[in-house]
Amino acid sequence: MTFDGLMADVRNGPRPSALVSGASIAGPALAYWLNRCGFEVTVVEKAGTLRGGGYPVDVRGTALEVVRRMGILPRLRDVHVDTGRTTFLDEDGSVVASIAQDAVVGSVTGRDIEVRRGDLTSALYDAVRNDVEFVFDDCVETLDQTPGGVDVTFRGGDCRTFDVVVGADGLHSRTREMVFGPEEGFHRYLGYCFAGFTMPNTLGLSHEAMMWNSPGRAAALYAAGDGDEVHAFLVFARPEPPFDAFRNPEAQRDLVAGIFADAGWEAPAMVATMREADDLFFDVVSQIRMPSWSSGRVALVGDAAFAPSFLTGQGSSLALVGAYMLADSLADRSPAAGFAAYEHRTREFVTLNQDVVGEGDARLFPTTARGLEQRNEMLRRLDTVPSPGERHVHSALTLPELSPMT
């Protein structure tokens, strides 16, 4: 039976099947909407459990309508972080300016929401957990596309066949590598690296962030509430990605410690905490740019397809919107036609949001002394900071009504 036949006969026969790899944001959101469109969905996640915690993320513009239609917007508003301000510090630790957080990240006050990443993933998971199959502590080992579907071998040993497979497995997607080739072909490095971890809230910060800068370096502390811990970030410019450090945590720690060896403010304490942190996350600031998000019966969504980088603040929102658009595009089409429609209807929105920041164009992290002084002058004069892009790009796509099954 053809895929179209499966869709037409969904009420009287087996539902079309979909495997989603990844259970962070894009994966559970896609599973929810595919289930609504009549698919039998399996989500596989390499972690042993749903990942909680994590730094706060933004849900803005069109993505707000996605979570509203899922019924989880009230829950997310209840856990809205509501960060009040970001205080910028000069090299000597003196205050440059204290700016409303919405102005810093480009959010619309009273409308957009900021939530801990774990709160968003939990809300998405709870919305769909009883309707789809979740398989934790496993991952896709091999994919083999045939005229009748995609034969999948899981690392745990199971072998199953699905009508479609979607990689929602992040910036360093294994699905993308298996189907489209090495990451280097799609990876656009933006000139920065960062290390993130948690540390004690020794400054007593509450619903606020503080950021120290010197040319090409930034040390930031972010209090998502008024608790005993804060999120710490050490960001630095580097001409080329430190490939040797990607799979070596000790090399990561040594690299960051060396770069911040003479840094001021709280950087020495941050480096010392990083040395012992058991939740250190190290990566490059980059985007994924692909000429196509699908091949045959396999597609990508979220960061796996179009990571915008944290400089845009749009990673989670693009994941939510992309998941909705992909499911809607597949609802009454064959895989080839559905994936083509997904790209045709979504790519312009994605590109607008990715183009908010260009290579080396990180307004909050100037790489030269002159650039840093210009930023500081603007902060002192205007008591505001340009948003990471024009706010209209966050709402530049209007969601279609979910296509009915035919």
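The values are calculated or read from the model by the stated rules, or taken from the named source; none is laboratory data. Just so you know, these numbers come straight off a predicted model, no measurement behind them. Positions of Cβ are generated from backbone atoms using ideal geometry, with glycine treated the same way; all protein chains shown enter the neighbour counts. Only protein heavy atoms, including side chains, enter the accessible area calculation; ligands, DNA and RNA are left aside. Shrake-Rupley method; radii C 1.70, N 1.55, O 1.52, S 1.80 Å.
Would you please name the residue that is modelled with the highest pLDDT, looking only at residues in the range 212-233 that are over 18 Å from residue 89 (Cβ atoms) and open to solvent by less than 20 Å² (accessible area, probe 1.4 Å)? Going through the qualifying residues, I end up with 224. The criterion of at least 1 residues that are in contact with a helix residue (DSSP H, G or I) (Cβ under 8 Å, 6 or more places away or on another chain) and open to solvent by 60 Å² or more (accessible area, probe 1.4 Å) is met, among helices (runs of 4 or more DSSP H) falling completely within the range 99-211, by 117-128, 174-180. Among residues of the range 28-46 that are assigned to a helix (DSSP H, G or I), those with a Cβ under 9 angstrom from a residue that is open to solvent by 10 Å² or more (accessible area, probe 1.4 Å) and at pLDDT below 95, sequence gap 6+ or separate chain, pair up as 28/50; 33/402; 36/402. From the list 77, 129, 155, the lone residue that is modelled with pLDDT of 95 or more, farther than 27 Å from residue 325 by Cβ and among the charged types (D, E, K, R) is 155.
So which residues in the range 185-203 are free of Cβ contacts under 8 Å to residues at least 40 places away in the same chain and in contact with a strand residue (DSSP E or B) (Cβ under 9 Å, 6 or more places away or on another chain), if there are any at all? Correct list: 201 only.
Here the helices (runs of 4 or more DSSP H) wholly within the range 277-356 that include at least 2 residues being within 11 Å of the chain's Cα centre (by Cα) and among the polar types (S, T, N, Q) are 315-330. Just so you know, in the range 234-271 the residues that are touching a residue at least 60 places away in the same chain (Cβ under 8 Å) and not in a helix (DSSP H, G or I) include one that is most open to solvent (accessible area, probe 1.4 Å), and it is 265.
A search for C-beta distances below 9 Å between a residue of the range 387-406 that is open to solvent by 30 Å² or more (accessible area, probe 1.4 Å) and of a type in the set (D, E, K, R) and any residue that is at pLDDT below 55 and assigned to a loop (DSSP other than H, G, I, E, B), counting only pairs 6+ apart in sequence or on different chains, returns nothing.
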